[in-house]
Amino acid sequence: MAPTAAAADAGDGEEEQAQALLALLQRVQSEALRALGPHDFDPKLYVDLPLATDATAAAAAAALASLMRLPAPSRGEMDAYISRYFAQAGSDLVAVADPPDFEPEPRGFLPRVESGAARAWALDVHALWRALTRRVSPAVAARPERHTLLPLPGRVVVPGSRFREVYYWDSYWVIRGLLVSKMYETAKDIALNLVYLVEKYGFVLNGARSYYTNRSQPPLLSSMIFDIYMATGDMLSFHAEVHNVRIMDNHGRVHNLSRYQAMWNKPRPESATIDEEFASKLTSTGAKEKFYHQVASTAESGWDFSSRWMRDSTDMTTLTTSYIIPVDLNTFILKMERDIAFFAKLIGDMTISERFSEASKARHNAIESVLWNSDMEQWLDYWLPTDENCQGVYQWKPNSQNRVIFASNFVPLWLNAHHAGLERFVDEAKLVRVMRSLQKSGLLQPAGIATSLSNTGQQWDFPNGWAPLQHMIVEGLLRSDSAEARKLAEDIATRWVRTNYAAYKATGAMHEKYDVEACGKSGGGGEYKPQTGFGWSNGVILSFLEEFGWPQEKEIGCSS
Ligand SMILES: OC[C@H]1O[C@H](O[C@H]2O[C@H](CO)[C@@H](O)[C@H](O)[C@H]2O)[C@H](O)[C@@H](O)[C@@H]1O
């Protein structure tokens, strides 16, 4: 997960040049804000610009310095400057409109989807892989100092719209969809690209840009490899790291758990103007640096942003992410430990297999001792004191569990969906109790599972629902002996499919997130405009349609 010696092997000269281009682009970003104003301003666009083929960074910097001397550059002057010195954002990725493993209707595609409307839409969603598959242009590897995009050896699938590069945790659900679409080679390419990032940087980056080298995202690489292996029998290799916190429970046992922790204490380049604006109310440099560190650590969580990480949900400067032990992160790492044990056994390395099997058992105990709350029948994030550096052993305190309801409190159910034959993470009786807790939590809404119960305007809060959260909880409920749990899983999936379908029919697009209060509404909130495309939404729809089918007589539109 998070970096230890970020970019240590990436080469010092290369790293310096990457940082010089980024610094120039951040100055362009600030100048563009001055020229264009904050309305509809997307700071990420500017740090994604490659240098134009006939431009040098020195000439672009000199011309920018002249613009900066103007009292207020006009939109025309700014546009002229950008088109003179830079190529279009995203032009350093080559569209792969015809991936070699794409077939308009692959043999054996969604055999249980009988409804004509559902099947036609599923084929549209499947065809979106053509619009989202890219290859990094060879120009990037030839002159990396001219791009913030990082070179990658294979094809990628991007989420879409402003997200022009491959993302770490998005790729898990993209791959799940690609496996339904029988695009095994593209799925393997994505995973191998992420392995390449591990080899080069020591961990999988948040996304494949030079400004993402300071942090990772939820660690799902082994899950990708596991699912590819299950679908194809092919194995890839990988490696990952964790950031440790030690907690002593009431029986004197010390547990190791993990937290998010980015290696960064500056504004995020892709959102620098926004971060600086929030930090402007903090007076000391130290306080600003701590804030920037929390912002980057929150981006590492994938839940950027949410009241889940804030002491005061109205104040971004109260982000406290690196002092929180998150339920979902520890679920992902436990799954990774089980995956490694599985693969090591498969290749006959029993020493590694046993080591990771022991680690997964220890984390299982830690999750049950530190994060499980038997009154609420949910797993809860654990908040550490913010005045310490997390080096020592903390004494567990019941009040440090965050009793606020989030969809992540139910993500450990997902562990039940994998590794048939192993001891189940949650036994049947407990699963039914957790299911009841979910049913009365308020998270179940007409169009799916809400991210939280608080409407804060942040995108990882109410009323937004996100594809990965629906998918993990549905898969967890589904692999149960309880008919009621399986029925609830299908009910949630049905609501989610219907809302995605209705929004697609209304807008012609698949969306990054949805408003779960009503069927057919896309989501909003957060620091950027709602995006379409969209990698993980497409992947989850294909996965649900494969799992549950769609009978002829079942209505796919919103039922009134
Ligand atoms: O530019 C702002 C932030 O955008 C990304 O986060 C969001 O989109 C990602 C891609 O779909 C997704 O993985 C993440 O969960 C979303 O919150 C980016 O990952 C952040 O690092 C970035 O600061």
(Q) Need pairs with beta-carbon distance below 9 Å; first residue surrounded by fewer than 18 Cβ atoms within 10 Å (Cβ to Cβ) and within region 132-144, second among the small types (Gly, Ala, Ser); sequence gap 6+ or separate chains. (A) ARG135/ALA95; ARG135/GLY154; SER137/SER91
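Looking only at residues in region 482-491 that are touching a residue at least 12 places away in the same chain (Cβ under 8 Å) and in contact with a Leu (Cβ under 7 Å, 6 or more places away or on another chain), which one is farthest from PHE548 (Cα to Cα)?
So in region 482-491, the residues touching a residue at least 12 places away in the same chain (Cβ under 8 Å) come out as 482, 484-485, 488-490.
Keeping just the survivors that are in contact with a Leu (Cβ under 7 Å, 6 or more places away or on another chain) gives 482, 485, 488-489.
Numbers: SER482: 17, ALA485: 14, LEU488: 12, ALA489: 10 Å.
So the residue we want is SER482.
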Q: Find the residue count for region 156-177, including only residues that are touching a strand residue (DSSP E or B) at 6+ places or on another chain (Cβ under 8 Å), open to solvent by 10 Å² or more (accessible area, probe 1.4 Å) and more than 10 Å from the ligand (Cβ to nearest atom).
A: 1
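May I ask you to verify whether SER216 is of a type in the set (S, T, N, Q) and either more than 12 Å from the ligand (Cβ to nearest atom) or open to solvent by 10 Å² or more (accessible area, probe 1.4 Å) (or both)?
Details: of a type in the set (S, T, N, Q): yes; either more than 12 Å from the ligand (Cβ to nearest atom) or open to solvent by 10 Å² or more (accessible area, probe 1.4 Å) (or both): no.
Against the criterion (of a type in the set (S, T, N, Q) and either more than 12 Å from the ligand (Cβ to nearest atom) or open to solvent by 10 Å² or more (accessible area, probe 1.4 Å) (or both)), SER216 does not qualify.
Scan region 464-481 residue by residue and report those that are open to solvent by 20 Å² or more (accessible area, probe 1.4 Å) and either free of Cβ contacts under 8 Å to residues at least 24 places away in the same chain or not in a helix (DSSP H, G or I) (or both).
Initial filter on region 464-481 (open to solvent by 20 Å² or more (accessible area, probe 1.4 Å)): 478-479, 481.
Within region 464-481, ARG479, ASP481 qualify.
Could we say that LEU150 is within 16 Å of the ligand (Cβ to nearest atom), of a type in the set (A, V, I, L, M), in contact (Cβ under 8 Å) with a residue 24 or more places away in the chain and open to solvent by 10 Å² or more (accessible area, probe 1.4 Å) here? Give the steps one after another, and end with the answer.
Numbers: within 16 Å of the ligand (Cβ to nearest atom): yes; of a type in the set (A, V, I, L, M): yes; in contact (Cβ under 8 Å) with a residue 24 or more places away in the chain: yes; open to solvent by 10 Å² or more (accessible area, probe 1.4 Å): yes.
Judged against the criteria, LEU150 is a match.
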Q.
Please go through region 525-551 and give me each residue that is open to solvent by 20 Å² or more (accessible area, probe 1.4 Å), in contact with a helix residue (DSSP H, G or I) (Cβ under 8 Å, 6 or more places away or on another chain), more than 30 Å from PHE278 (Cα to Cα) and of a type outside the set (A, V, I, L, M, F, W, C), ordered by number.
A. GLU546, GLU547
Q: Name the residue, out of THR386, THR456, that is hydroxyl-bearing (Ser, Thr, Tyr), open to solvent by 10 Å² or more (accessible area, probe 1.4 Å), within 16 Å of the ligand (Cβ to nearest atom) and in a loop (DSSP other than H, G, I, E, B).
A: THR456
Q.
Let me confirm something: among ASP92, ASP124, ASP189, which residue is touching a residue at least 24 places away in the same chain (Cβ under 8 Å), touching a helix residue (DSSP H, G or I) at 6+ places or on another chain (Cβ under 7 Å) and at negative phi?
A. ASP92
Q.
Name the single residue that is farthest from the ligand (Cβ to nearest atom) among those in region 527-553 being of a type in the set (Ser, Thr, Tyr) and under 17 Å from ALA127 (Cβ atoms).
A. SER543
Q. For region 510-524, which residues satisfy the criterion of being buried (at least 19 other Cβ atoms within 10 Å of the Cβ) and under 10 Å from GLN459 (Cβ atoms)?
A. GLU512, LYS513, GLY523
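Looking only at residues that are more than 16 Å from the ligand (Cβ to nearest atom) and part of a helix (DSSP H, G or I) in region 33-56, which one is nearest to SER161 (Cα to Cα)?
If we filter region 33-56 for residues that are more than 16 Å from the ligand (Cβ to nearest atom), which is where we start, we get 34-37, 39, 50-56.
Right, trim to part of a helix (DSSP H, G or I) and you get 34-36.
On the way: ARG34: 24, ALA35: 23, LEU36: 21 Å.
If we take residues in region 33-56 being more than 16 Å from the ligand (Cβ to nearest atom) and part of a helix (DSSP H, G or I), then LEU36 is nearest to SER161 (Cα to Cα).
Has region 406-420 got any residue that is part of a loop (DSSP other than H, G, I, E, B), touching a residue at least 40 places away in the same chain (Cβ under 8 Å) and not charged (D, E, K, R)?
So the first thing to find is which residues in region 406-420 are part of a loop (DSSP other than H, G, I, E, B), and the list is 418-420.
In the following step, the residues that additionally are touching a residue at least 40 places away in the same chain (Cβ under 8 Å) were identified as 418-419.
Of the ones still in play, those that are also not charged (D, E, K, R) are 418-419.
Yes: region 406-420 contains one or more residues that are part of a loop (DSSP other than H, G, I, E, B), touching a residue at least 40 places away in the same chain (Cβ under 8 Å) and not charged (D, E, K, R).
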Q | Filter result (touching a Cys at 6+ places or on another chain (Cβ under 6 Å) and not hydrophobic (A, V, I, L, M, F, W, C)) within region 509-528 | A | GLY520
Q. Do we find that ASP189 is open to solvent by 10 Å² or more (accessible area, probe 1.4 Å), closer than 27 Å to HIS419 by Cα and within 11 Å of the chain's Cα centre (by Cα) in this structure?
A. no
(Q) So PHE343 ticks every box in (1) modelled with pLDDT of 95 or more; (2) buried (at least 17 other Cβ atoms within 10 Å of the Cβ); (3) more than 23 Å from the chain's Cα centre (by Cα); (4) closer than 29 Å to ASP227 by Cβ but one. Which box is left unticked? (A) (1)
Q: Kindly provide the set of residues from region 271-288 that are in contact with a helix residue (DSSP H, G or I) (Cβ under 7 Å, 6 or more places away or on another chain) and either open to solvent by 10 Å² or more (accessible area, probe 1.4 Å) or at positive phi (or both), ordered by number.
A: THR273, PHE278, LYS281, LEU282, LYS288
Q: Determine which single condition THR494 fails, assuming it passes every other condition in (1) over 18 Å from the mean Cα position of the chain (by Cα); (2) surrounded by fewer than 22 Cβ atoms within 10 Å (Cβ to Cβ); (3) of a type in the set (S, T, N, Q); (4) under 19 Å from GLY524 (Cβ atoms).
A: (4)
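Can you say whether SER115 is more than 30 Å from PRO269 (Cβ to Cβ), outside the structural domain of GLU546 (by the TED database) and among the hydroxyl-bearing types (Ser, Thr, Tyr), as far as the supplied structure shows?
Numbers: more than 30 Å from PRO269 (Cβ to Cβ): yes; outside the structural domain of GLU546 (by the TED database): yes; among the hydroxyl-bearing types (Ser, Thr, Tyr): yes.
Here the answer is yes, as SER115 does meet what is asked.
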Q. Conditions: (1) surrounded by 24 or more Cβ atoms within 10 Å (Cβ to Cβ); (2) under 30 Å from ASN416 (Cα atoms). ALA503 meets all but one. Number of the miss?
A. (2)
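Here's the yes/no breakdown for (1) of a type in the set (A, V, I, L, M); (2) farther than 17 Å from VAL180 by Cβ:
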| site | (1), (2) |
| --- | --- |
| ARG495 | no, yes |
| ALA509 | yes, yes |
| GLU512 | no, yes |
| GLY523 | no, yes |
| LYS529 | no, yes |
| GLY549 | no, no |
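Per-residue answers, yes or no, for (1) over 29 Å from the mean Cα position of the chain (by Cα); (2) farther than 27 Å from TYR528 by Cβ:
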residue: ASP42; (1), (2): no, no
residue: LEU51; (1), (2): no, no
residue: ARG69; (1), (2): yes, yes
residue: ALA72; (1), (2): yes, no
residue: SER83; (1), (2): yes, no
residue: ALA87; (1), (2): no, no
(Q) Anything in region 95-110 that is open to solvent by 60 Å² or more (accessible area, probe 1.4 Å), more than 16 Å from VAL136 (Cα to Cα) and in contact (Cβ under 8 Å) with a residue 24 or more places away in the chain? List them, or say none. (A) PRO100, GLU103, ARG107
Q. Going through region 425-445 one residue at a time, which ones are surrounded by fewer than 16 Cβ atoms within 10 Å (Cβ to Cβ) and either of a type in the set (Val, Ile, Thr) or assigned to a loop (DSSP other than H, G, I, E, B) (or both)?
A. ASP427, LYS440, GLY442
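The values are calculated or read from the model by the stated rules, or taken from the named source; none is laboratory data. Given the structure is predicted, the values throughout are model-derived calculations rather than measurements. As a convention, Cβ positions derive from the backbone with ideal geometry for all residues, glycine included, and neighbour counts pool all protein chains shown. Surface areas here come from the heavy atoms of the whole protein model, side chains and all, with no ligands, DNA or RNA. Shrake-Rupley method; radii C 1.70, N 1.55, O 1.52, S 1.80 Å.
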